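Engineer: Quick one: structure below, then a few questions.
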Amino acid sequence: MSGLIRPQALLVDFGGVIVETRNRPNWQRRMAEHVLDEFSSAGVSLNGLTLEDIERDIRAGGKADSKWKDAMSRPFAPTELRYEQFWVDFVAGDWPAPPRDFVGRNARELCRVMGEIKQERKTREGFIEVLDAAEGSGIPVVIVSNTLMGVVHRDYLDQVGLTERFAEQIYSDEVRVRKPNPEMIHRGAQAVALTAEQCWYVGDNFDRDVLCGARARVGGNILMEARSTYDLPYDLPVTADAIVADPWGLLDLLEKATNREVA
């Protein structure tokens, strides 16, 4: 920890760092009901496809997506999952052609709705204070996050009045690049006219975040503990420069690095 540079910018993940997330109970059923309503409104012939079928396949698609994410933290430069790939391949692979074609054509909006229905989000305690400290030291904060639908994150920040606190927001679905591809971190640094070596990167897991920071050679590779931090899909020969339990721990590191006294 003592060797951390004074950051010229903070690059931060969204889920696990800025916000805590929790899956809503029975979200798959609610999403299935939404999809069925969309079919009905559009006059889609279901050819025997039922609500229970849709719910089951949304559950299966979610599990496939999770395993895909684990696999995609192995390549150096993985690309992001396309909206239609999630719905057509992971969810609707065995559906009759009319509903499968419909979800393919409407995949982006279905991903947005799913993001809203699936999770509850709450800003982590202490993160506002991190933003205050960064602003007080002239340190811009950039979001660098993997997500199936970045619009959902943007909407949350708008709702809680935090959008203007970030210099830039970079989401993998929008730039078609995902961590641990170091290009994500390089883009975050470039957004504020810096290099990765001048920045800290803060993420909440090893296989996508710490590995990405190491590949990008960030000036400070910080791991913030969250619910799934230690659920590693495989062994990794990388270590963080510092591990903090929460945003308060990050605030402490930042204040020490900027020689600011703790209030």
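Engineer: Taking the residues in the range 12-31 that are among the basic types (Lys, Arg) and open to solvent by 80 Å² or more (accessible area, probe 1.4 Å) as candidates, determine which candidate is farthest from the chain's Cα centre (by Cα).
Structural biologist: So the residue we want is Arg30.
Engineer: To continue, here is another question. Scan (1) in contact with a Leu (Cβ under 6 Å, 6 or more places away or on another chain); (2) over 29 Å from Met114 (Cα atoms) for the single condition Gln198 breaks and write down its number.
Structural biologist: (1)
Engineer: Now for a different question. Would you confirm whether any residue within the range 91-109 is within 22 Å of Ser228 (Cβ to Cβ) and in contact with a helix residue (DSSP H, G or I) (Cβ under 8 Å, 6 or more places away or on another chain)? Write out each step before concluding.
Structural biologist: Taking the range 91-109 as the starting set, the residues that turn out to be within 22 Å of Ser228 (Cβ to Cβ) are none.
The answer is no, given that none of the residues of the range 91-109 is within 22 Å of Ser228 (Cβ to Cβ) and in contact with a helix residue (DSSP H, G or I) (Cβ under 8 Å, 6 or more places away or on another chain).
Engineer: Residue pairs, Cβ under 6 Å, 6 or more apart or interchain, first in the range 26-48 and within 19 Å of Arg112 (Cα to Cα), second open to solvent by 70 Å² or more (accessible area, probe 1.4 Å). List them.
Structural biologist: Cβ pairs passing all conditions: Gln28/Arg59.
Engineer: Looking at Leu162 and the list (1) in contact with a Leu (Cβ under 9 Å, 6 or more places away or on another chain); (2) crowded, with 21+ Cβ neighbours inside 10 Å, which single condition is not satisfied?
Structural biologist: Result: Leu162 passes all but (2).
Engineer: Report, by residue number, each residue of the range 121-148 that is open to solvent by 50 Å² or more (accessible area, probe 1.4 Å), touching a residue at least 40 places away in the same chain (Cβ under 8 Å) and within 20 Å of Val244 (Cα to Cα).
Structural biologist: Result: Lys122, Glu125, Glu129.
Engineer: In the range 46-95, which residues are small (Gly, Ala, Ser), over 21 Å from Asn181 (Cβ atoms) and part of a loop (DSSP other than H, G, I, E, B)?
Structural biologist: Across the range 46-95, the qualifying residues are Gly48, Ala92, Gly93.
Engineer: Further question: Which residues, counting only those in the range 211-242, are over 23 Å from Thr79 (Cα atoms), of a type outside the set (Gly, Ala, Ser) and open to solvent by 20 Å² or more (accessible area, probe 1.4 Å)?
Structural biologist: Those that are over 23 Å from Thr79 (Cα atoms), of a type outside the set (Gly, Ala, Ser) and open to solvent by 20 Å² or more (accessible area, probe 1.4 Å): Glu225, Arg227, Tyr230, Thr239, Asp241.
Engineer: Which one of the conditions (1) open to solvent by 50 Å² or more (accessible area, probe 1.4 Å); (2) modelled with pLDDT of 95 or more does Thr79 fail to meet, given that it meets all the rest?
Structural biologist: So the condition that Thr79 fails would be (2).
Engineer: Determine if the range 83-96 includes at least one residue that is in contact (Cβ under 8 Å) with a residue 40 or more places away in the chain and among the aliphatic types (A, V, I, L, M).
Structural biologist: Here is the first cut: in the range 83-96, the residues in contact (Cβ under 8 Å) with a residue 40 or more places away in the chain are 83, 86, 95-96.
Those left that are additionally among the aliphatic types (A, V, I, L, M): none.
Checking the range 83-96: not a single residue is in contact (Cβ under 8 Å) with a residue 40 or more places away in the chain and among the aliphatic types (A, V, I, L, M).
Engineer: Do we have Val151 as open to solvent by 60 Å² or more (accessible area, probe 1.4 Å), without any contact (Cβ under 8 Å) to a residue 40 or more places away in the chain and aliphatic (A, V, I, L, M) here?
Structural biologist: no
Engineer: Looking only at the range 96-122, filter to residues that are outside any helix (DSSP H, G or I) and touching a Phe, Trp or Tyr at 6+ places or on another chain (Cβ under 9 Å); which one of those is farthest from Pro25 (Cα to Cα)? Before the answer, list the steps.
Structural biologist: First, the residues of the range 96-122 that are outside any helix (DSSP H, G or I): 96, 106, 119-122.
Subsequent filtering for residues that are touching a Phe, Trp or Tyr at 6+ places or on another chain (Cβ under 9 Å) retains 106, 119, 121.
On the way: Asn106: 25, Gln119: 9, Arg121: 14 Å.
The residue in question is Asn106.
Engineer: Quick check on Ala9: is it among the small types (Gly, Ala, Ser) and either open to solvent by 70 Å² or more (accessible area, probe 1.4 Å) or over 28 Å from Leu253 (Cβ atoms) (or both)? Even if it seems obvious, please write down each step before you answer.
Structural biologist: Working: among the small types (Gly, Ala, Ser): yes; either open to solvent by 70 Å² or more (accessible area, probe 1.4 Å) or over 28 Å from Leu253 (Cβ atoms) (or both): no.
So Ala9 fails the test.
Engineer: Residue under question is Arg154, and the condition is that it be at positive phi and not small (Gly, Ala, Ser); does it hold? Working first, answer last.
Structural biologist: Working: at positive phi: no; not small (Gly, Ala, Ser): yes.
It is false that Arg154 is at positive phi and not small (Gly, Ala, Ser).
Engineer: Would you confirm whether or not the range 113-120 contains a residue that is hydrophobic (A, V, I, L, M, F, W, C), more than 24 Å from Asp53 (Cβ to Cβ) and open to solvent by less than 20 Å² (accessible area, probe 1.4 Å)? Step through it out loud before you land on a result.
Structural biologist: Step one: of the range 113-120, the residues hydrophobic (A, V, I, L, M, F, W, C) are 113-114, 117.
Filter once more, keeping what is more than 24 Å from Asp53 (Cβ to Cβ): none.
Looking for residues that are hydrophobic (A, V, I, L, M, F, W, C), more than 24 Å from Asp53 (Cβ to Cβ) and open to solvent by less than 20 Å² (accessible area, probe 1.4 Å), one finds none in the range 113-120, hence no.
Engineer: Within the range 206-263, how many residues turn out to be over 21 Å from Arg187 (Cα atoms), β-branched (Val, Ile, Thr) and part of a loop (DSSP other than H, G, I, E, B)?
Structural biologist: Total meeting the criteria: 5.
Engineer: Which of the residues spanning the range 183-210 are open to solvent by less than 20 Å² (accessible area, probe 1.4 Å) and more than 15 Å from Val141 (Cα to Cα)?
Structural biologist: Taking the range 183-210 and keeping what is open to solvent by less than 20 Å² (accessible area, probe 1.4 Å), we get 184-185, 188-189, 196, 199-204, 207, 209-210.
Result: Asp204, Asp207, Asp209, Val210.
The values are calculated or read from the model by the stated rules, or taken from the named source; none is laboratory data. In this text, all values refer to a predicted model and were calculated from it rather than measured experimentally. Note that we place each Cβ from the backbone using ideal geometry, even for glycine, and neighbour counts take in every protein chain shown. Quick note on the areas: whole protein, heavy atoms, side chains included, nothing else; ligands and nucleic acids left out. Shrake-Rupley method; radii C 1.70, N 1.55, O 1.52, S 1.80 Å.
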